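Input: a single structure, listed below in structure tokens.
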Amino acid sequence: MHNVSVFRGHGNSEWRLQTSCTRAGLTRFDRYIDELLPKFRVRAEIALNRQFNPSNRQDFSILLGLAQHHGLPTTSPQF
């Protein structure tokens, strides 16, 4: 077997992997989707001159990626 290391972005391998939502205390994903993401979506649509349909999987994924990139807590783990 190969001994492979993966950088997790942590200085200590004992630290738990958590999403930024969990670290921010946002443990209810439904509340995040209903409250925080729509506010971001409005701003993103204005800035990008593009409409996002949260019911569309591709649009929703793009929106989550943009939110994560711009520092909003997300449910996606960051490695």
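Need the failing condition index for residue 73 against (1) modelled with pLDDT of 70 or more; (2) loosely packed, with under 11 Cβ neighbours inside 10 Å, just the number.
(2)
Collect the residues in segment 5-49 that are at pLDDT 85 or above and open to solvent by 100 Å² or more (accessible area, probe 1.4 Å), keeping them in residue-number order.
39, 43, 46, 49
What are the pairs with Cβ atoms under 7 angstrom where one residue, in segment 51-69, is among the hydrophobic types (A, V, I, L, M, F, W, C) and the other, located anywhere, is crowded, with 16+ Cβ neighbours inside 10 Å and at pLDDT below 90? Sequence gap at least six, or different chains.
What qualifies is 63/37; 64/74; 67/37; 67/74.
The values are calculated or read from the model by the stated rules, or taken from the named source; none is laboratory data. Note that this is a predicted model, so its numbers are computed, not measured. Glycine gets a Cβ as well: all are built from the backbone with ideal geometry, and neighbour counts include every protein chain shown. With ligands, DNA and RNA removed, areas are computed over all heavy atoms of the protein, side chains included. Shrake-Rupley method; radii C 1.70, N 1.55, O 1.52, S 1.80 Å.
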